[in-house]
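Inspection log for the structure reproduced underneath, given as structure tokens.
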Amino acid sequence: MSHFSGDFRRPESAKSRLKDLLLQKDNQLCADCGAPDPKWASANIGVFVCLKCSGVHRNLGTHISKVLSITLDEWTDDEIDAMMEVGGNGFANSIYEAFIPDGYTKPGPSASHEERSKFIKSKYELQEFLKPSLRIIPNNSSKTPEAPSCFQNSSKKSPQEGMVEFMGLLKVKVIKGTNLAVRDMKSSDPFITVTLGQQTAKTTVKKKNLNPVWNEELMLSVPQEYGPLELKVFDLDTVSSNDSMGEAEIDLQPMLTSAMAFGDAEIYGDMQIGKWLKSDDNALIDDSAVNIVDGKVKQEVSLKLGNVESGEVYLELEWMPLDQ
């Protein structure tokens with residue numbers, strides 16, 4: 001998921017440290033299946049992984065593996081420092097795979113989702129291949145040995161909690177807001193959150209702007225049993241709780257049903273494959289078409305915010321199935 005904690009972009013030099021780390025030989029292959037050119041990472045474990053393995057990592061929950069995109073997500077200094085400290089896939093695997101049994105075969109790039117899931121769960125959640133003295137003891141006994149730095153962000157939460165089966169990723173591009181409500185003296189400092197299940201991502205804050213332009217991409221995993229995408233707009237308040245500036249729900253079923261029906265979008269030319277219709281029961285300003293554009297399933301959505309005096313928000317959704 002994306003992390004935007006302020007109204008500024010991280011200096012390129014900080015992000016370039018991460019990209020330099022990715023260029024190291026061990027990091028040019030997925031830490032779990034060996035697929036080339038990984039574009040995702042587990043920030044708290046310290047490994048680079050491919051898209052398919054990143055979906056399994058998301059299944060484990062952020063208390064075990066916090067997945068971020070190398071190119072799409074905003075990284076904090078602490079997250080980049082943690083990756084640099086671990087050093088990448090070579091060092092992490094020397095710990096997490098130190099005791100792989102003789103004859104055991106790791107999944108390859110073409111492995112099934114089930115094979116991938118079984119291995120990654122054994123490796124990171126159950127820690128079956130870790131040196132026994134380094135394994136985290138769930139009851140937090142005083143005799144628990146100190147774990148290496150790549151384990152220290154693990155939560156005391158039971159690893160069985162929050163396990164959800166995901167079927168793909170949803171890229172939410174927050175384009176702009178218009179005519180947003182005033183919450184300060186004459187203006188507002190708006191930011192947007194999008195929530196799907198237990199996941200929430202947010203944009204940067206736009207200072208003193210009722211017609212903000214974001215053009216920011218947020219990433220969420222889509223569970224097998226999904227509900228609506230919940231969008232909320234807030235005014236940043238540094239003294240008390242943030243003020244509400246409206247909300248809306250986005251029905252994902254028209255997009256996902258159409259995408260599943262057509263399968264691999266890359267084999268089709270540009271075409272419309274579905275539509276979410278405007279009605280009195282939803283927040284749509286206009287009908288929202290689901291299209292295949294350049295081999296990708298996309299949907300432009302314009303929303304009138306509810307529970308507020310005024311405001312519209314404009315988005316672009318993109319569906320990314322895990323099997324692609």
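Overview of results
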read-out	value
From phi via Karplus (6.51, -1.76, 1.60), per-residue ³J(HN,Hα) for region 262-278 in Hz, x at Gly/Pro	8, x, 5, 5, 5, 8, 9, x, 5, 6, 8, 10, x, 7, 9, 8, 5
15 Å reach of a label modelled at ASP243, 7 Å along Cα-to-Cβ, counting backbone N of region 280-324	308-311
For ALA181, distant residues with modelled amide H under 5 Å away	SER310
Gain in span if fully extended, GLN198 to LYS131, counting 0.36 nm per residue against the direct Cα distance	20.9 nm
Full-stretch length increase - TYR104, LYS275 - with 0.36 nm per residue and alpha-carbon distance subtracted	56.8 nm
Long-range HN-HN contacts of VAL222 with modeled amide H, under 5 Å	MET167, GLY168, LEU169, LEU170
Simple spin-label estimate for SER187 and VAL213 in nanometres, 7 Å along Cα-Cβ	1.6
Within straight-line cross-link reach of LYS207, aspartates and glutamates at Cα separation under 18 Å, skipping those fewer than 8 residues along the same chain	ASP7, ASP184, ASP189, GLU216, ASP235, ASP237, ASP243, GLU312
Extension gain from ASP77 to GLN224, taking 0.36 nm per residue of separation minus the Cα-Cα distance	49.6 nm
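Each value in this text was obtained by applying a stated rule to the coordinates, not by laboratory testing. Note that this is a predicted model, so its numbers are computed, not measured. No Cβ is skipped: glycine too gets one built from the backbone with ideal geometry, and neighbour counts run over all protein chains shown.
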